[in-house]
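All remarks here apply to the structure that follows.
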Amino acid sequence: MSRLKQADKVDSLAGFRTTKPEPTVPLGLLKAARKSGQLNLSGRRLTEVPQNVYRLNMDTPEEAQDVSFGGSDRWWEQTDLTKLLLSSNLLTQLSDDVRLLSGLTTLDLHDNQLSSLPSTLGELKGLQQLRLSHNQLSSLPRELFTLKNLCSLSLQQNLLEDLPEELGQLENLTELDLSNNRLKELPSSLSCLTNLQKVSLHHNKLTSLPEGVSHLRIKVLDCSSNQLFDIPASLSGMLSLEQLYLRHNKLSRLPQLHAPALKELYVGNNLIELLDTEQLASFTSISHLELRDNKIRTLPEQIPVLPELTRLDLTNNDIKDPEKADESQTAMTLPSMARVNVHNIKTLRTLEYSDKHADSIPDELFDAASDQGITTINFSKNQLKATPPRLMELQASVSDLNLGFNKLTDCSDICKLLQLTHIDLRNNQLSDLPSEMKNLTKLRSIILSYNRLKSFPEVLYEVLSLETVLLGNNQVCVVDPGRLMKLACLTTLDLSNNDLLNIPPELGLCTSLRCLSLEGNPFRTPRAAIVSKGTDAVLEYLRSRIPA
């Protein structure tokens, strides 16, 4: 009878069924992870996290079957898993068993297909870095906001429309990236995050900012590409704010800011029509003021002297040249002086002689600029084969030099302009840069696109002040990430359309980069799908490829 009962339980089709194999991790990786505390499973096309990953420090490893005590590897001396990298896979969900990885400090899940997260994520009390960018999250479990040790939270490129007030419980958070979501407002509890230093909110649908953020110690705030009509005056209370990005909004006036540490303000692509003299005068520490692509028609008669200002960008506004009656009678009596914009020289401290197709710069231009404290020079779109000799007469004050679209093969002379912060040398015939350029200790940006450079210029590795390097459309085939890492201020690097056959994984360690362009090179990895997702995705992918 018992045999008949057993027969009832027999599955007659068992031999014909195919079962989906459970994903596993090679034993070698698990063994290494137990020793190092780090496990990198990025880019393996996983649709779920293998169960033996969750139980890494719970199950007895196979090597325990070897009872020999003479080996150098002692399985019982394993390390808790602290870093788990699962980026660039095909994960649609995360198991509740993630709670078993109680030692995690870093969890990287960016570039997957996650639409939800388990509440047990809140049990990882030691978690410090959580990367969830480039997924399909429309909501977050409230338990996530109990992670009091969390320092960095990346949620960019998801489907979030709102955030709970519990966000304010993440008291140790220093970096918060909510860019490229669908946020229409921010919770008032944001003002409780007193340790925040860097906040990215760009590409959302925000119409206002919480008043309480004025009490925070944020250094970098990016609110570009939103729907902001105004900025609360309380932002003046942000005593630590150094960089404020407000591009592509609906601002009709310059923000009323008196933030004492503010060095860079970007308000391009708005609807600003007027510049207030008093407001400009309040920017006592500003070095970079971007007002391009607005509706500004006139400039104040007396633009205040901003002692730290090195770059003022008014490109693509509606500013008209002042009436010629304002120019001196002497200037009008000399035919050659009709080419000299006296208003630019005296008011904007700008020397302009561009798009003239000239092979030299007229002496009367330098004569008019004498003793005027010129800071900006634009000699672009000419036929210059050498640096104008009289340029050296302005070396005490010039900080912004544009020699783009000429025929320069050498630029040694500009290395004597020690006040330079910005150099534009695009579309010339340069094959190298002079070693003397290392003397430009204030240089912040250099544009070298469309030249004949075959490698990242050696001297630039020594210019530690650099923030922006544009090398697109050259023949660069090699870059040294080890030396590049020493450029701690570098935020923008354009290497697009060059001859790079491979991208060193160590480039991902250049964490100061906010914009990295690699399109149009012949390398095969990272693949185009990752490159198209932007800088954060590329850097995280590269870091995931560094051998443990």
So MET485 and SER234, fully extended at 0.36 nm per residue minus their Cα-Cα distance, gain in nm 86.7 nm
Expected sort for LEU209, LEU314, LEU464, LEU155 with the fewest Cβ neighbours (10 Å cutoff) up front is LEU464, LEU314, LEU209, LEU155
Site GLN383, offset 7 angstrom along Cα→Cβ, radius 20 Å on amide nitrogen, limited to region 392-420, gives 403-410
With x for Gly and Pro, the residue-by-residue ³J(HN,Hα) of region 210-217, computed from phi through the Karplus equation 6.51 cos²θ - 1.76 cosθ + 1.60 at θ = phi - 60° and given in whole Hz, is x, 4, x, 5, 5, 8, 7, 9
The extension gain from SER139 to CYS477, computed as 0.36 nm times the residue separation minus the Cα-Cα distance, is 117.3 nm
Distance in Å, no decimals, from the C-alpha centre of region 132-172 to the one of region 462-539 is 29
Quick calc, the chain, dipole around Cα centre from Cβ unit charges on Lys, Arg (+) and Asp, Glu (-), nearest 20 debye, gives 1440
Summing +1 per Lys or Arg and -1 per Asp or Glu among the other residues with Cβ less than 11 Å from LEU140's Cβ gives -2
Within the under-13-Å Cβ sphere about LEU107, not counting LEU107, Lys/Arg +1 and Asp/Glu -1 give a net charge of +1
Distance in nm between SER115 and GLU519 label points, each 7 Å along Cα→Cβ, equals 3.0
Taking ILE272, ILE546, ILE446 and counting other beta carbon atoms within 10 angstrom, the fewest-first order is ILE546, ILE272, ILE446
Relative contact order of the chain (C-alpha contacts under 8 Å, at least 6 apart) in percent is 5
The ³J(HN,Hα) series, computed from each phi in region 388-400 with the Karplus coefficients 6.51, -1.76 and 1.60 at θ = phi - 60°, rounded to the nearest Hz and given as x for glycine or proline, is x, x, 6, 4, 5, 5, 10, 5, 6, 10, 5, 10, 10
The farthest towards the positive end of the charge dipole of the chain, of the residues LEU306, LEU147, GLN279, given +1 on Cβ of Lys and Arg and -1 on Cβ of Asp and Glu, is LEU147
Taking R0 as 22 Å and r as the Cβ-Cβ distance between THR441 and GLU393, the FRET efficiency 1/(1 + (r/R0)^6), rounded to the nearest 0.05, comes to 0.55
Residue-ordered couplings for region 527-539, obtained by feeding phi - 60° into the Karplus form 6.51 cos²θ - 1.76 cosθ + 1.60 and rounding to whole Hz (Gly and Pro as x), are 5, 4, 4, 6, 4, 5, 7, x, 4, 4, 5, 5, 5
With Cα coordinates, the longest principal axis of the chain makes an angle with the long axis of helix 27-36, in degrees rounded to 10, of 60
Per the charge dipole of the chain (beta-carbon charges, Lys/Arg positive, Asp/Glu negative, Cα centre), the residue among LEU209, GLY37, GLN227 reaching farthest to the positive end is GLY37
Among the Cα-Cα pairs of region 381-512, the proportion with separation greater than 26 Å, in percent, is 18
Cβ-Cβ cut-off under 9 Å around ASP359, Lys and Arg +1, Asp and Glu -1: the net charge is +2
Taking the convex hull of the alpha-carbon atoms of region 226-294 and averaging its shadow over every direction gives an area in square nanometres of 4.0
Fewest-first ordering of MET392, MET58 by Cβ atoms within 10 Å yields MET58, MET392
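Could you sort the peptides 93-99, 281-287 by per-residue average Cβ neighbour count (10 Å cutoff), highest mean leading?
Highest to lowest by the protection proxy: 281-287, 93-99.
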In nanometres, the difference between 0.36 nm per residue of separation and the alpha-carbon distance of ARG217 and GLN429 is 71.8 nm
Compactness check, the chain: C-alpha Rg relative to the 2.2 N^0.38 Å globular estimate gives 1.20
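Any read-out appearing in this document is the output of simple, stated calculations on the displayed coordinates, not a laboratory observation. What you see is a predicted model, and the numbers here were worked out from it, not measured in a lab. All Cβ positions, glycine included, derive from the backbone under ideal geometry; neighbour counts span all protein chains shown.
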